[in-house]
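Right, one structure below, let's go through it.
The values are calculated or read from the model by the stated rules, or taken from the named source; none is laboratory data. Every value quoted in this text rests on a predicted model; they were computed, and no experiment measured them. Using ideal geometry, Cβ is built from the backbone for each residue, glycine included, and neighbour counts are taken over all protein chains shown.
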Amino acid sequence: MELPFLTIRELSLLLKRKEVSPVEVTKTILDRIDGIEGKVHAYISILREESLKASKRAEELISSGDYIGTLHGVPIGVKDIFVMKGTRTTCGSKILENFAPPYDATIVERLKNAGAIVVGKNNMDEFAMGSSTENSYFGPTRNPWDLERVPGGSSGGSAAAVSASLCFASIGTDTGGSIRQPAAFCGITGLKPTYGRVSRFGMIAFASSLDQGGPLTKTVEDAALMLNVFAGGDNKDSTSVHVPVPDYVSHLNGEIKGIRVGVPKEYFIKGIDFEVEKAVKKAIELVEDLGCSIEEITLPHTEYAVSSYYIIAPSEASSNLARYDGVRYGLRVPDSNSLRDMYNRTRAEGFGAEVKRRIMIGTYALSAGYYDAYYLKAQRVRTLIKRDFEEAFKKVDVIMTPTSPEAAFKIGEKTDDPLKMYLSDIFTIPCNLAGLPGIAIPCGFTSNGLPIGLQILGKPFDEETILRVAHAYEIHTNWSEKRPPI
Ligand code: GLN
C-alpha cells in the first residue's frame, strides 16, 4: 500500500527497520496535502518548515540507533485548539487569528517527546462550538467521502485529515461529542477519554468541566498507541487524575467472551436514520456472536441531556471567554474612544455568531435571578444522568449505541437552525455530562456511501475495555480499511 494510507502501526514498523525515513514520510504527507488540501480544507495552518526540521531530527536519532517508540517519525495533525509554542493557534476564531502562544500544551509536548511530527493545525468550529466545522472563521472543512457534506465537528478538520490520509492521526477535543461525531461522519476511530485521564493544560477552554482531549486515528490500535503516549496525570492541570495508565495496546487481544454489553432503549428512538439503526444493530449481533452477552438497559434521563448540556456548556463558555477582551492577547480593534468601546468592538468583531449566541445564553443562565432556574437545575439533571450510568454499569461492562442519529449532512443544511444542529449531539452528550470514556468506530455505510459510527461507552477510567471491544469488532470487519475516493 502507498505510504499515506498506512496505519501508525504499519508505518512504525517501516520506520523502525529504516525502510523509510521520517523525512521521506513527512515529504510524502506534505505532497499529499499540496495535492488535495484545496478540496478538503482540513488545516488552518500547515507547518511545512517546522515539520521538515523535526523530521530531520527524528531521522538523525533513528539512524544513530536511538529509536524512541511507535510514534517516532510519524506525521500527525493537531486540532487548532491546542497551543503550540511560537506557532499560530487560532481556535478557529478571528479573535486569535494572529496569536502565537509561548508554550506547548501537555498533550502536544508528550507527543513531540515521543517523536511525533506535527505537520499542521487542524480546522475546527470556532472555540469548538459546533457539530459541522461550518463555524470556523477560516471556512468549512469538507467531508472526504462526499465533498458536499460536512465532516462533523467541532474536530472536523482532524477527522477529515485522518480520513483523507493527510496525516496518520490527529488529536481533537470532545466537550459534547466533538471527537466521536466527526470520527463517525468521516469513517474513522475517535476516542474521548474519561474526564481527568488526559491533561487539559494548553487546551483552550470551552466548557472546563466537560472538555477532554483524545485521538482520532484510522484504527483502534492506533488510538491505543496515541493514548499510551499522552494519558496520565499532569501537575499543570489540577483536574487531571494521577492514577496508573495501563498499556492500552497490550489489552487488545481480540478476546471479548463474557463481556456484558448494555443497549439503552432510549438511544433507539423515532427520528434515528433507518440505515444507522440497522448497521448498529448488526454490529451488536456480531459482538454477541463473538461471545458478549447483550442486555437491554435503560438510561431514563437521556431525553434531558441536550437541554442541560446547552445550559452548562454555554455558562462555562461565557466565563472562559471573558478573557478575550483585547487587552491580554488576541485581537484589539484600533481607534477606540474608551476602554468600554474597545471591549465592545473587539468582541463584536472578533467572535462569530455561534460563539456570541453561547456567550449570551451562558451569561443569561448565570445571572442573578436565573441561576437557580437554569444553571442549578441543569446541574441537578447532570447528576441524574450520571446516576443513570452508575446504575447501568452495575449490570454491564460497556454500553453500545449509535454515535449520531444520522450520517454526514449537507453543508448548509442546518446552519439556519441552531436547534437542529444541537440535536445532532443527542447520543454523544450524556457521556460528557457523566465524565465517561467513549469511542466511535466505523460500522458500515449508508446506501449513498457515507460512513456510519458505532459508539461504545465505558466505566470511568476503563478505556481499556472499550478499546478491547472496539478492536475485537474491528478485526472481524473491514470497515476501518476503507478509504474515501479522494
Ligand atoms: N456540538 C457540540 C457543541 O456545539 C459539542 C462540541 C464539542 O464537543 N466541542 O457544543
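If the condition is being among the hydrophobic types (A, V, I, L, M, F, W, C) and in contact with a His (Cβ under 8 Å, 6 or more places away or on another chain), then the stretch 1-36 contributes only L15. Against the list (1) more than 13 Å from the ligand (Cβ to nearest atom); (2) in contact with a Lys or Arg (Cβ under 8 Å, 6 or more places away or on another chain); (3) among the hydroxyl-bearing types (S, T, Y); (4) more than 24 Å from I452 (Cβ to Cβ), the condition T189 fails is (4).
Of the residues making up the stretch 152-198, just one is surrounded by fewer than 24 Cβ atoms within 10 Å (Cβ to Cβ), of a type in the set (G, A, S) and touching a helix residue (DSSP H, G or I) at 6+ places or on another chain (Cβ under 9 Å), namely S165. Screening V396 against (1) of a type outside the set (S, T, N, Q); (2) touching a helix residue (DSSP H, G or I) at 6+ places or on another chain (Cβ under 7 Å); (3) closer than 28 Å to Q455 by Cα leaves a single unmet condition, (2).
Close contacts from the stretch 199-223, counting a first residue that is assigned to a helix (DSSP H, G or I) and a second that is surrounded by 24 or more Cβ atoms within 10 Å (Cβ to Cβ) and hydroxyl-bearing (S, T, Y), with Cβ to Cβ under 6 Å and a gap of 6+ residues or different chains, come to V220/T189; A223/T189; A223/T217.
Taken over the stretch 57-97, residues that are free of Cβ contacts under 8 Å to residues at least 12 places away in the same chain and under 16 Å from M124 (Cα atoms) amount to 0. Which residue is surrounded by the fewest Cβ atoms within 10 Å (Cβ to Cβ), if the candidates are limited to the stretch 405-442 and must be within 13 Å of the ligand (Cβ to nearest atom) and over 24 Å from D146 (Cβ atoms)? So the residue we want is L419. Among the residues of the stretch 135-155, those identified as in contact (Cβ under 8 Å) with a residue 40 or more places away in the chain and within 11 Å of the ligand (Cβ to nearest atom) are N135, G152, S154, S155.
The numbered conditions (1) touching a strand residue (DSSP E or B) at 6+ places or on another chain (Cβ under 7 Å); (2) modelled with pLDDT under 95 are all true for L436 except (2).
Counting only helices (runs of 4 or more DSSP H) that sit completely within the stretch 304-382, those holding 2 or more residues that are at pLDDT 95 or above, within 16 Å of the ligand (Cβ to nearest atom) and under 28 Å from the mean Cα position of the chain (by Cα) correspond to 305-320, 353-366.
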